[in-house]
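These notes are about the structure you will find just below.
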Amino acid sequence: MAEHWTERYDLILIIALGESVISVGVGSNLIGQPPTPAAVAAAVCGIFFTAALWWAHYDMIGPAARIALQTAQDGPRVAMARDAYWYCYLPMIAGIILFALGAEEVVSQITNPHIPNWEPTRGPGDSLLFGGVILYLCGNMLFQARTLHTLSWTRVGTVGLLAVCIPLAERLPALGALALLTMICVGLVAAEVVIFDEGRRALRQPIFEERMAHEAHEAAYRARWHEPNEADEGG
């Protein structure tokens, strides 16, 4: 039950992240225009920082939370499933929507031939972009605290750095602001790969065992459906 529950909500988050990439490309009118170096750089930055946000949840936090939910029993399991995968997912989804809107506006200015590339971003694009990522990471930290009862200082530092960089991003060219956000998000990934390497390695074995147990359960469940049919055919 816990495996199915977490899998469905993980798919919701993956779809939201994927749709944010699509909305940036379609909404910014990248399709049908001749590629320019600035447009290509913006597209690469968009993919990299979205991939980094995906990694921030699915590398360690998501799998560890699934194991924690699997080991919980009765009332605590129900409460954890409700709090983590409903209340904590809401700010994460809202953050994705906000940074997708901000990225769309920023990339739209980058690809606009009538706006010089050195001009700062017009409108609230930078605030939406950085604020959305901050909201996403805050929601993810709430999710981590509720399921694992831990908090990563790397995430707290990244949120603080993003907040401090908002005024700087508003003074940078649109592509510079997008590149700054990408460097911070990719930097978070690189830092956690190095700092939490031992923990990541230790987590791989229980994840593998939990996955194998789930697949064995699913195979046994499907086998029960085939047994009556085979008995009928023999009779």
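The values are calculated or read from the model by the stated rules, or taken from the named source; none is laboratory data. Every value quoted in this text rests on a predicted model; they were computed, and no experiment measured them. Ideal geometry is used to build each Cβ from the backbone, glycine not excepted, and the neighbour counts take in all protein chains shown.
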Check your understanding: Taking region 148-189, which residues are more than 20 Å from C45 (Cβ to Cβ) and outside any helix (DSSP H, G or I)?
Key -> H149, T150, L151, S152
Point to revise | Some residue of region 88-107 being among the hydroxyl-bearing types (S, T, Y) and under 18 Å from V44 (Cβ atoms) | key: no
Revision key, fill the gap. Reported set for region 140-160 where residues are over 14 Å from L69 (Cβ atoms) and not small (G, A, S) is N140, M141, L142, T150, L151, W153, T154, R155, V156, T158, V159
Review point. What are the residues in region 119-140 that are surrounded by 22 or more Cβ atoms within 10 Å (Cβ to Cβ) and over 13 Å from I96 (Cα atoms), if any?
Key: T121, G125, D126
Study note, to complete from the structure: If you go through A84, A43, the only one that is at pLDDT below 90 and of a type outside the set (V, I, T) is A43
Check your understanding: Does E192 count as surrounded by 16 or more Cβ atoms within 10 Å (Cβ to Cβ), among the acidic types (D, E), in a helix (DSSP H, G or I) and touching a residue at least 40 places away in the same chain (Cβ under 8 Å)?
Key -> yes
Review point. If we keep just the residues of region 148-169 that are touching a residue at least 12 places away in the same chain (Cβ under 8 Å) and more than 17 Å from the chain's Cα centre (by Cα), which is surrounded by the most Cβ atoms within 10 Å (Cβ to Cβ)?
Key: A169
